[in-house]
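**Student:** Attaching a single structure in structure tokens format; questions to follow.
The values are calculated or read from the model by the stated rules, or taken from the named source; none is laboratory data. Being a predicted model, the structure only gives us computed values, none of them experimental. Ideal geometry is used to build each Cβ from the backbone, glycine not excepted, and the neighbour counts take in all protein chains shown.
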Amino acid sequence: MEFPAGLKYTKDHEWIRVEGDVAYIGITEFAQRELGDIVYIDINSLGKEVAKDEVFGTVEAVKTVSDLFMPVAGTINEVNPALDKQPELVNSDPYGEGWMVKITVSDAASVDALLSADSYQSLVGA
């Protein structure tokens, strides 16, 4: 299982990658393995300011439906268009093409408070 060092993580199994003034958010490899085959992703918060820990969408797998939680406060600028036709990208490439949303972070310092790759790996017992 991968835990890319350049990302930050949440206890709810989301990851965030900051690139300049934008950040990409998705779910971790651990989360997608627990969920199973992902069949649908519903994110209806495009253009909205979403608070830290607020639900910004859901992911539906064969086994269950799970909420997606915002790791830091920010405005959702883009929902990954590829996921409409290929939600399985989250299973095959959760840290790359399987990203969920692109946001403008409201408070860049809040990213530093998230879990490191090592801390997240310890949390999930891997």
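**Student:** Pro71 is checked against (1) farther than 16 Å from Val22 by Cβ; (2) touching a helix residue (DSSP H, G or I) at 6+ places or on another chain (Cβ under 9 Å); (3) in contact (Cβ under 8 Å) with a residue 24 or more places away in the chain and fails just one. What number does that condition carry?
**Tutor:** Going through the list (1) farther than 16 Å from Val22 by Cβ; (2) touching a helix residue (DSSP H, G or I) at 6+ places or on another chain (Cβ under 9 Å); (3) in contact (Cβ under 8 Å) with a residue 24 or more places away in the chain, Pro71 breaks only (1).
**Student:** Restricting the search to the stretch 69-104, which residues are more than 24 Å from Gly36 (Cα to Cα) and at pLDDT below 95?
**Tutor:** None - no residue of the stretch 69-104 is more than 24 Å from Gly36 (Cα to Cα) and at pLDDT below 95, so the list stays empty.
**Student:** Are any residues in the stretch 50-68 touching a residue at least 12 places away in the same chain (Cβ under 8 Å), in contact with a strand residue (DSSP E or B) (Cβ under 7 Å, 6 or more places away or on another chain) and under 19 Å from Ile38 (Cα atoms), and if so, which ones?
**Tutor:** Matches in the stretch 50-68: Val55, Phe56, Gly57, Thr58, Val59, Glu60, Ala61, Val62, Ser66, Asp67, Leu68.
**Student:** Kindly state which helices (runs of 4 or more DSSP H) lie completely within the stretch 36-126 and contain at least 2 residues that are buried (at least 19 other Cβ atoms within 10 Å of the Cβ) and touching a Gly at 6+ places or on another chain (Cβ under 7 Å).
**Tutor:** So the answer is 89-92.
**Student:** Moving on to the next point. State which residue is surrounded by the most Cβ atoms within 10 Å (Cβ to Cβ) when the search covers only the stretch 1-35 and only residues that are charged (D, E, K, R), touching a residue at least 24 places away in the same chain (Cβ under 8 Å) and not in a strand (DSSP E or B).
**Tutor:** Out of the qualifying residues, it is Glu29.
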